[in-house]
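Structure first, then comments.
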Amino acid sequence: MAKLNTFTCSACGASFSKWSGRCDACGEWNTIIEEAPLSAGPASKSLGAKRGTPITLTDLSASETPPPRTASGMDELDRVLGGGLVPASAILVGGDPGIGKSTLLLQAAARFAQAGLKTFYVSGEEASAQVRMRAQRLGLADAPVKLATATSLRDILTTLESEAPDLVIIDSIQTVWADNVDSVPGSVSQVRAAAHELTTFAKRKGASVVMVGHVTKEGQIAGPRVVEHMVDTVLYFEGERGHQFRILRSVKNRFGPADEIGVFEMTGGGLAEVANPSELFLSGRGTPAPGSVVFAGIEGTRPVLVEMQALVAPTPHSQPRRAVVGWDGARLAMILAVLEARCGIPFAGLDVYLNVAGGIKISEPAADLAVAAALLSAREDTSLPTETVVFGEISLSGALRPVGQTENRLKEARKLGFTSAIVPSGGKPGGDGGLALTRMGDLTAFVGDVFGAG
């Protein structure tokens with residue numbers, strides 16, 4: 001009996017037995033497409049009697065020299081990659097349309113080519129003349145990069161087999177199609193097949209392959225999550241179009257630390273590296289005002305100082321509004337509940353707005369105390385001391401928990417001219433980074449000592 005076709009959502013990868021207009025898994029409309037089965041022949045429970053080729057087995061103790069990394073010379077990119085480009089690695093880069101992915105990878109291709117790597121740039125979205133136009137605008141017209149425009153996976157692999165490159169950039173994986181897959185380009189089956197073949201080529205030939213992936217409305221890379229499991233490194237290129245800052249974030253890296261970030265600034269001549277992101281994120285900070293608090297955070301292995309901004313205002317509506325940009329909205333609701341339950345400070349009848357300045361997204365719990373300080377500062381219309389940084393995690397009981405890498409946070413704050421810090425008590429003993437520390441045991445003590453409220 002022939003296998004029946006399946007229906008797969010192109011947004012989240014969920015499979016269904018029949019077509020419907022709306023995906024039950026992610027809620028998207030008109031994203032379910034029909035896919036042919038892997039085999040149209042008779043179903044078989046085993047591979048049959050034919051034997052395969054034996055694989056090579058080696059001892060775990062066998063000493064092999066690890067492959068050397070190649071540094072691009074772009075310190076921010078090398079930091080996110082874990083120190084440079086590893087041979088035979090597969091990298092997936094995602095980001096919103098127009099955020100600068102192609103610009104970043106064209107600059108990276110030029111740098112790696114100048115470092116001695118045989119580099120190919122394959123574009124499936126632009127013509128060769130358009131790519132050359134961007135290269136001239138970026139001052140990279142003389143870079144030794146081989147350029148091609150193709151979408152056929154068979155043609156691309158045939159060329160790569162004969163040319164034996166060191167680095168291949170595919171822009172983008174959604175435009176590549178395999179003629180042995182009965183599905184339209186950009187579908188889940190096509191993306192999965194193309195990513196598998198390119199990753200296999202990278203491992204077999206020792207070449208590094210960088211694939212650009214589109215993202216969905218939720219900010220995830222479009223296609224099945226299995227594509228992210230195939231590759232060695234997954235990078236997200238983030239940023240707000242209203243800001244000139246761009247952040248390259250590593251969410252998976254088999255050759256280096258995950259959650260590492262590289263900071264770039266979009267200029268007329270392309271993306272420029274930002275050596276000191278803390279100074280850049282605080283550059284627009286003027287005279288301290290109520291609701292403004294500086295948070296000393298850690299992104300990957302580097303300390304980053306950002307400004308947390310809060311606004312609390314009476315609401316004319318029966319349901320107060322809670323708006324968050326750059327932080328977790330559920331965690332904001334938790335902080336508001338702890339302030340009311342443990343400190344007796346209600347926010348009922350008040351609209352609450354929270355913003356992380358600079359377009360960066362903060363996810364670590366160490367920002368709890370800075371958020372609480374910004375909310376209280378806005379509510380009480382009182383500014384914190386000018387040169388003070390705040391960090392710490394808040395538990396549901398109202399206790400303040402110490403966070404990791406306290407000394408690195410304090411050193412970064414000291415480097416930027418801050419003189420004092422409000423931190424949780426306890427934790428591992430360490431240096432104060434040259435700052436005057438105010439240690440707090442719980443949120444009630446913090447509210448009473450800093451704001452005299454509660």
*In this structure, is Leu305 within 20 Å of Ala367 (Cβ to Cβ), of a type in the set (A, V, I, L, M, F, W, C) and open to solvent by 10 Å² or more (accessible area, probe 1.4 Å)?*
no
*Mind checking which residues of the stretch 404-422 are free of Cβ contacts under 8 Å to residues at least 40 places away in the same chain and β-branched (Val, Ile, Thr)?*
Thr406, Thr419
*Search result, residues across the stretch 226-253 that are open to solvent by 60 Å² or more (accessible area, probe 1.4 Å) and touching a strand residue (DSSP E or B) at 6+ places or on another chain (Cβ under 7 Å)*: Gln244, Val251
*If we only count strands (runs of 3 or more DSSP E) wholly inside the stretch 321-419, which ones have 2 or more residues that are at pLDDT 90 or above and either open to solvent by 20 Å² or more (accessible area, probe 1.4 Å) or in contact with a Cys (Cβ under 6 Å, 6 or more places away or on another chain) (or both)?*
322-325, 350-356
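Take the stretch 289-320 and flag every residue that is in a strand (DSSP E or B) and among the aliphatic types (A, V, I, L, M).
Passing the criteria: Val293, Val294, Ala296, Ile298, Val304, Leu305, Val306, Met308, Ala310, Leu311, Val312, Ala313.
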_Residue match in the stretch 209-219 (condition: among the β-branched types (Val, Ile, Thr), buried (at least 24 other Cβ atoms within 10 Å of the Cβ), at pLDDT 95 or above and within 28 Å of Gly83 (Cα to Cα))_ = yes
_Count - residues of the stretch 144-160 that are open to solvent by 20 Å² or more (accessible area, probe 1.4 Å) and touching a helix residue (DSSP H, G or I) at 6+ places or on another chain (Cβ under 8 Å)_ = 9
*How do the strands (runs of 3 or more DSSP E) wholly within the stretch 90-180 filter down when requiring 3 or more residues that are closer than 25 Å to Val226 by Cβ and β-branched (Val, Ile, Thr): which remain?*
167-171
*Looking only at residues in the stretch 254-270 that are open to solvent by less than 10 Å² (accessible area, probe 1.4 Å) and under 14 Å from Gln107 (Cβ atoms), which one is nearest to the chain's Cα centre (by Cα)?*
Gly262
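The values are calculated or read from the model by the stated rules, or taken from the named source; none is laboratory data. Fair warning: this is a prediction, and the values are worked out from it, not measured in the lab. For neighbour counting, all protein chains shown are included, and Cβ atoms are generated from backbone atoms with ideal geometry for every residue, glycine included. Keep in mind that these areas ignore ligands, DNA and RNA; they rest on the heavy atoms of the full protein, side chains included. Shrake-Rupley method; radii C 1.70, N 1.55, O 1.52, S 1.80 Å.
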